[in-house]
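Below you'll find the structure I mean.
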Amino acid sequence: MNRSNSPATINFINGTYCHPVEDGWIENINPADGTSLGRIADSTEKDIEQAVIAASNAQTQWGESTLEQRSRILSKIGDLIEENIESLAIAECEDSGKPISRARAIEIPRAASNFHFFANAITQFSSESHESVGQNAINFTLRQPLGVVGCISPWNLPLYLFTWKIAPALAAGNCVIAKPSELTPRTASMLGELCNQAGLPAGVLNIVQGTGARTGQAILEHEKIKAISFTGGTATGEHVARVVAPKFKKLSLELGGKNPNIVFADCNYERALETTIQSSFANQGQICLCGSRIFVESSIYEKFKTDLVERTGQLTIGHPAEKETTIGAMVSGDHYRKVLSYFDEIDSANASLLCGGKPATVAGYEQGFYIEPTIIEVQHNRCRLNQEEIFGPVVTLMPFNNEEELIEMANDVRYGLSATIWTRDLDRTMRLSKKIECGVVWINTWLMRDLRTPFGGMKDSGVGREGGQEALRFFTEPKNICIAFEN
Ligand code: NAP
């Protein structure tokens, strides 16, 4: 399989690659060097209509397929992703600017895991039953597929987040219309071919390329699409909710974050420091779960600050295809400029730049969008640098004196996605975990994932949970059936 040099990325509808109905195109730019990767389909509501027709035609048969049939096909898709890790990693790296080492070792394998996990999970999915004791009746809950569903995913972890939605949706017996970000279209496109090879019937998964404003919007608005699973920014999420709510579609929103990374003096210092480098700068800080607000207990603050700046200086900014690169390119020129604009805030917030704070130039790739990993020491948590999701290689640092002050600052933000706590005090981990307003807490680790666990955020970080059984519940309609019997 080698589509990474394909000049055009087109739609995958009804098991076939096809050009957009209105022949519109968008250019796909490689953010590492500013060159063109070819064009991608700029789909309209006419393409979505074709995809919905294909999905509707396939729905009855797929929804009534046995769990073993679905499980076998999904598992095969996972196997094929694993067999094609290299070509998928190359495409992902070229589209997004992420280091290929990361795509190869973490993200593409996790996309395969999504299929393997849900291939198994659907065979273990069960529903409740309740005997109405004394009334001679038994209730049980049917979990039926919703029908045709829409999955919209962002550019930061392209194939991983695309399959995070598609795998449970298909496992639960739904047919899917899915749209990746226009910035990272190619691994999603390659998935279509793998689905055909795995024997997924035509029309069960339809992948439509294009912009959010047009293609995505058409998915939200289509009356026959019963549910929307959306991952992206909070502002887009608000818009999605406004469009979808009056149509009474089922809706899952996984949105932005501004997550606290909390370091207590009694932590395993070396582990906390090393992992903080990851949670700050992995994927150029473009992970919703990055710990972008670092709070360090006062007694170790100065030492941690010095060591963090020193370790950050050891990161290697470079072309994403180079194996020693740890900091690749930002995903696009627009996003690069947005992240850089936050450096203008440093003076007005009375903050201090500890390292970075400017674009980086990679020799030979001067048109690429590179930014130096940046640490900013802030004076208070209410500044924009601590309140807004920058979504780049930019973290803030500030000390705290006690738990009460820390909890107040950790929660004093509109987001509530995740938190990381570094301490050896078990009682403290429980006190803080219960009080911090977020959907995921990591204690003495970061980004460790078990696909059985519920995943999602509180406050402006989202609505609902996906992952494990939660995802299968989201993608099914519960129907209670009450049977009366005679004694
Ligand atoms: P985004 O701009 O909100 O886009 C997300 C997806 O929505 C893209 O496919 C986008 O398409 C599409 N879209 C945009 N406007 C739309 C509309 N009107 N109708 C339907 N779809 C529309 O987010 P992003 O910049 O790609 O991703 C970064 C954000 O995602 C960050 O805020 C990050 O925190 C968040 N995120 C959250 C999680 C989580 O699990 N909570 C995980 C990863 C990322 P185009 O890109 O083609 O315009």
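The values are calculated or read from the model by the stated rules, or taken from the named source; none is laboratory data. From a predicted model like this one, the values you see are computed outputs, not experimental measurements. In this analysis, Cβ positions are derived from the backbone assuming ideal geometry, glycine residues included, and neighbour counts consider all displayed protein chains. SASA here: full protein model, heavy atoms, side chains in, ligands and nucleic acids out. Shrake-Rupley method; radii C 1.70, N 1.55, O 1.52, S 1.80 Å.
Would you list the strands (runs of 3 or more DSSP E) that sit entirely within region 391-487 and hold 2 or more residues that are under 23 Å from residue 164 (Cα atoms)?
Counting at least 2 such residues, we get 418-422, 440-443, 476-484.
Which of the residues belonging to region 105-139 are charged (D, E, K, R) and either open to solvent by 20 Å² or more (accessible area, probe 1.4 Å) or modelled with pLDDT under 95 (or both)?
Matches in region 105-139: 110, 128, 131.
Given (1) open to solvent by 10 Å² or more (accessible area, probe 1.4 Å); (2) over 24 Å from the mean Cα position of the chain (by Cα); (3) farther than 22 Å from residue 173 by Cβ, where does residue 221 come up short, assuming only one miss?
(2)
Taking the residues in region 363-405 that are touching a strand residue (DSSP E or B) at 6+ places or on another chain (Cβ under 6 Å) and without any contact (Cβ under 8 Å) to a residue 60 or more places away in the chain as candidates, determine which candidate is nearest to the ligand (Cβ to nearest atom).
That would be 385.
Which count do you get for residues in region 268-283 that are over 21 Å from residue 372 (Cα atoms) and open to solvent by less than 10 Å² (accessible area, probe 1.4 Å)?
So the answer is 1.
Applying the selection to region 242-258, what residues are under 18 Å from the mean Cα position of the chain (by Cα) and either near the ligand (Cβ under 8 Å from one of its atoms) or hydrophobic (A, V, I, L, M, F, W, C) (or both)? Steps first, answer last, please.
We begin by selecting, within region 242-258, every residue under 18 Å from the mean Cα position of the chain (by Cα); these are 251-258.
Answer for region 242-258, where residues must be under 18 Å from the mean Cα position of the chain (by Cα) and either near the ligand (Cβ under 8 Å from one of its atoms) or hydrophobic (A, V, I, L, M, F, W, C) (or both): 251, 253, 254, 255, 256, 257.
Do we have residue 286 as open to solvent by less than 30 Å² (accessible area, probe 1.4 Å) and either more than 16 Å from the ligand (Cβ to nearest atom) or out of contact with any helix residue (DSSP H, G or I) (no Cβ under 7 Å at 6 or more places or on another chain) (or both) here? Reasoning before the result, please.
Numbers: open to solvent by less than 30 Å² (accessible area, probe 1.4 Å): yes; either more than 16 Å from the ligand (Cβ to nearest atom) or out of contact with any helix residue (DSSP H, G or I) (no Cβ under 7 Å at 6 or more places or on another chain) (or both): yes.
Answer is yes for this residue.
Right, next: Can you tell me which residues in region 291-306 are open to solvent by 10 Å² or more (accessible area, probe 1.4 Å) and within 16 Å of the ligand (Cβ to nearest atom)?
Matches in region 291-306: 292 only.
Turning to a different aspect of this structure: Pick from region 307-321 the residues that are touching a residue at least 12 places away in the same chain (Cβ under 8 Å) and not in a helix (DSSP H, G or I): which of them is farthest from the ligand (Cβ to nearest atom)?
Restricting attention to region 307-321, the residues satisfying the condition of being touching a residue at least 12 places away in the same chain (Cβ under 8 Å) are 307-309, 311-313, 315, 317-321.
Retained after the next criterion (residues that are not in a helix (DSSP H, G or I)): 313, 315, 317-321.
On the way: 313: 27, 315: 22, 317: 21, 318: 23, 319: 23, 320: 18, 321: 23 Å.
If we take residues in region 307-321 being touching a residue at least 12 places away in the same chain (Cβ under 8 Å) and not in a helix (DSSP H, G or I), then 313 is farthest from the ligand (Cβ to nearest atom).
Tell me, please, whether a residue that is surrounded by 17 or more Cβ atoms within 10 Å (Cβ to Cβ), in a helix (DSSP H, G or I) and of a type in the set (A, V, I, L, M) can be found in region 379-390.
yes
Follow-up question, since we're still on this one. Taking the conditions exactly as written (more than 22 Å from residue 229 (Cβ to Cβ) and touching a residue at least 12 places away in the same chain (Cβ under 8 Å)), does residue 451 satisfy them or not?
On the way: more than 22 Å from residue 229 (Cβ to Cβ): no; touching a residue at least 12 places away in the same chain (Cβ under 8 Å): yes.
No.
Please verify whether region 202-210 includes one or more residues that are among the aliphatic types (A, V, I, L, M), away from the ligand (no atom under 13 Å from the Cβ) and surrounded by fewer than 19 Cβ atoms within 10 Å (Cβ to Cβ).
The answer is yes, given that some residue of region 202-210 is among the aliphatic types (A, V, I, L, M), away from the ligand (no atom under 13 Å from the Cβ) and surrounded by fewer than 19 Cβ atoms within 10 Å (Cβ to Cβ).
Search region 455-466 for residues that are farther than 17 Å from residue 290 by Cβ and open to solvent by less than 10 Å² (accessible area, probe 1.4 Å) and pair each with any residue that is in a loop (DSSP other than H, G, I, E, B) and away from the ligand (no atom under 11 Å from the Cβ) when their beta-carbon atoms are under 8 Å apart and the residues are at least 6 apart or on different chains.
Note: pairs meeting the criteria are 466/454.
Look through region 322-331, keep the residues that are crowded, with 18+ Cβ neighbours inside 10 Å and in a loop (DSSP other than H, G, I, E, B), and return whichever of them is nearest to the chain's Cα centre (by Cα).
Our first condition is that a residue be crowded, with 18+ Cβ neighbours inside 10 Å; within region 322-331, this holds for 325-331.
Now narrow it down to the ones that are in a loop (DSSP other than H, G, I, E, B): 325-326, 328-331.
Numbers: 325: 22, 326: 20, 328: 18, 329: 18, 330: 16, 331: 14 Å.
The selected residue is 331.
Turning to a different aspect of this structure: (1) open to solvent by 60 Å² or more (accessible area, probe 1.4 Å); (2) closer than 21 Å to residue 31 by Cα: which one isn't true of residue 405, the others all being true?
Of everything listed in (1) open to solvent by 60 Å² or more (accessible area, probe 1.4 Å); (2) closer than 21 Å to residue 31 by Cα, residue 405 misses just condition (2).
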